[in-house]
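Undergrad: Okay, handing you the structure first.
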Amino acid sequence: MTQLLRRAATGPVQVSAALAALTVAALGAGWVLPWLLLGLTAGYALSGSA
Amino acid sequence: MLSSPVWRDCSRIYFTAGLVAGGLAISALAVVLGSLVRPVMPPALGAGLIAAVAVFVLAGECGLHRVRLPHRRAQVPSTVIAAGGQAGALRFGFEMGSGVRTHMPSNLPYLPLMVVLLVSTWPTALVAGLGFGLGRAAMALGRHYSGDGGWWDGQWQRHERLLRITLTMAAVLLTAVITFR
């Protein structure tokens, strides 16, 4: 169960989906969230370099 | 990298701090360089350049071309890690977080770089840099805390194309919001 929860919170598919959902939520937000998410998505996209 | 001494115990904290510091440093450099360009560049030209980079990056991630923008074609040198426990972890994180001296399997970081260069202010640039460092850390921390690095790698490799396109589309959408709002 713990392992399932860990995977649900940390898996690349789940994290990418969360970033995509946050992006949609950020469309009507102030300036901080869009800029933060722009950096986050670009940083996370380099996952393959690990 | 993730099985190296950098990724053990408290070195993890220094590595993560280095990632964030690297992201902040490269965004600070970009906003300073951008301050030389922004005053003389018409806003429409800046927006056009950003749009062109966005299309180029998205096309690449969708497999329409294989052009890679300039980047180092190797990982951060192992001599950096050999520099020592916490200092080595901090420096290794900094170099990965700045993206200057590490392999980049995607052109996507060039998109926020262009946005920071052409339309940012100091606060927005630093927030983007913070996000970049945290994004890199999220990958490393996620893999570590998944408890099964092999599973994490398998997930990434199995869905890599879809994940890259999803993240790129999100970045393009955010770029449009930031640039044209």
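The values are calculated or read from the model by the stated rules, or taken from the named source; none is laboratory data. Quick caveat, the model's predicted, so the values are computed rather than measured. A quick note on method: Cβ atoms are made from the backbone with ideal geometry, for glycine too, and the neighbour counts reach across all protein chains shown.
Undergrad: If I go through segment A:11-41 residue by residue, how many of them are over 13 Å from B:L163 (Cβ atoms) and either assigned to a helix (DSSP H, G or I) or facing chain B (nearest Cβ under 7 Å) (or both)? I'd like the intermediate steps shown before the answer.
TA: Going residue by residue through segment A:11-41, those that are over 13 Å from B:L163 (Cβ atoms) are A:21-40.
Next, from what is left, pick out any that are either assigned to a helix (DSSP H, G or I) or facing chain B (nearest Cβ under 7 Å) (or both): A:21-27, A:31-40.
Residues flagged as over 13 Å from B:L163 (Cβ atoms) and either assigned to a helix (DSSP H, G or I) or facing chain B (nearest Cβ under 7 Å) (or both) within segment A:11-41 amount to 17.
Undergrad: Just wondering, is there one or more residues in segment B:141-151 that are at the interface with another protein chain (Cβ under 7 Å from one of its Cβ atoms), over 30 Å from A:L4 (Cβ atoms) and in a helix (DSSP H, G or I)?
TA: no
Undergrad: For segment A:22-50: of the residues being under 13 Å from the mean Cα position of the chain (by Cα) and surrounded by fewer than 16 Cβ atoms within 10 Å (Cβ to Cβ), which is nearest to B:P109 (Cα to Cα)?
TA: Looking at the filtered set, the residue picked out is A:V24.
Undergrad: Hey, another quick one. Which number in (1) of a type in the set (S, T, N, Q); (2) within 7 Å of chain A (Cβ to nearest Cβ); (3) touching a Gly at 6+ places or on another chain (Cβ under 8 Å); (4) not in a helix (DSSP H, G or I) marks the one condition that B:Q155 misses?
TA: With (1) of a type in the set (S, T, N, Q); (2) within 7 Å of chain A (Cβ to nearest Cβ); (3) touching a Gly at 6+ places or on another chain (Cβ under 8 Å); (4) not in a helix (DSSP H, G or I) applied to B:Q155, the lone miss is (4).
Undergrad: Further question on the same structure: Within the set of pairs 6+ apart or on separate chains, which have a first residue in segment A:1-21 that is surrounded by fewer than 13 Cβ atoms within 10 Å (Cβ to Cβ), a second that is outside any helix (DSSP H, G or I) and of a type in the set (D, E), and C-beta atoms under 9 Å apart?
TA: Cβ pairs passing all conditions: A:Q3/B:D148.
Undergrad: Follow-up question, since we're still on this one. Can you name every residue in segment B:159-181 that is more than 9 Å from every other protein chain (Cβ to nearest Cβ) and charged (D, E, K, R)?
TA: B:R161
Undergrad: Residues being at the interface with chain A (Cβ under 9 Å from one of its Cβ atoms) and either part of a helix (DSSP H, G or I) or surrounded by 24 or more Cβ atoms within 10 Å (Cβ to Cβ) (or both): count how many of those fall in segment B:82-104.
TA: Qualifying residue count for the region: 3.
Undergrad: I'd like the residue in segment B:120-129 that is surrounded by fewer than 21 Cβ atoms within 10 Å (Cβ to Cβ) and touching a residue at least 24 places away in the same chain (Cβ under 8 Å) and, out of all such residues, is farthest from the other protein chains (Cβ to nearest Cβ).
TA: B:W122
Undergrad: Among the residues of segment B:105-119, count how many are surrounded by 21 or more Cβ atoms within 10 Å (Cβ to Cβ) and within 8 Å of chain A (Cβ to nearest Cβ).
TA: 6
Undergrad: Against the definition (free of Cβ contacts under 8 Å to residues at least 12 places away in the same chain and either more than 14 Å from B:L117 (Cα to Cα) or away from chain A (no Cβ under 14 Å) (or both)), how does B:V40 come out, yes or no?
TA: The answer is yes for B:V40.
Residues are listed down the side, and each one gets a yes or a no for (1) modelled with pLDDT of 85 or more; (2) in contact with a strand residue (DSSP E or B) (Cβ under 7 Å, 6 or more places away or on another chain); (3) of a type in the set (D, E, K, R):
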position	(1), (2), (3)
B:R8	no, no, yes
B:Y14	yes, no, no
B:A30	yes, no, no
B:V40	yes, no, no
B:L49	yes, no, no
B:V67	yes, no, no
B:H71	no, no, no
B:V80	no, no, no
B:R91	yes, no, yes
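Undergrad: Separate question: Take the conditions surrounded by 16 or more Cβ atoms within 10 Å (Cβ to Cβ) and touching a residue at least 40 places away in the same chain (Cβ under 8 Å) and apply them to B:L134. Does it pass? Reasoning before the result, please.
TA: Values: surrounded by 16 or more Cβ atoms within 10 Å (Cβ to Cβ): yes; touching a residue at least 40 places away in the same chain (Cβ under 8 Å): yes.
In short, yes.
For every residue, the table says whether it meets (1) modelled with pLDDT under 85; (2) not hydroxyl-bearing (S, T, Y).
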position	(1), (2)
B:V55	no, yes
B:G60	no, yes
B:A83	yes, yes
B:T124	no, no
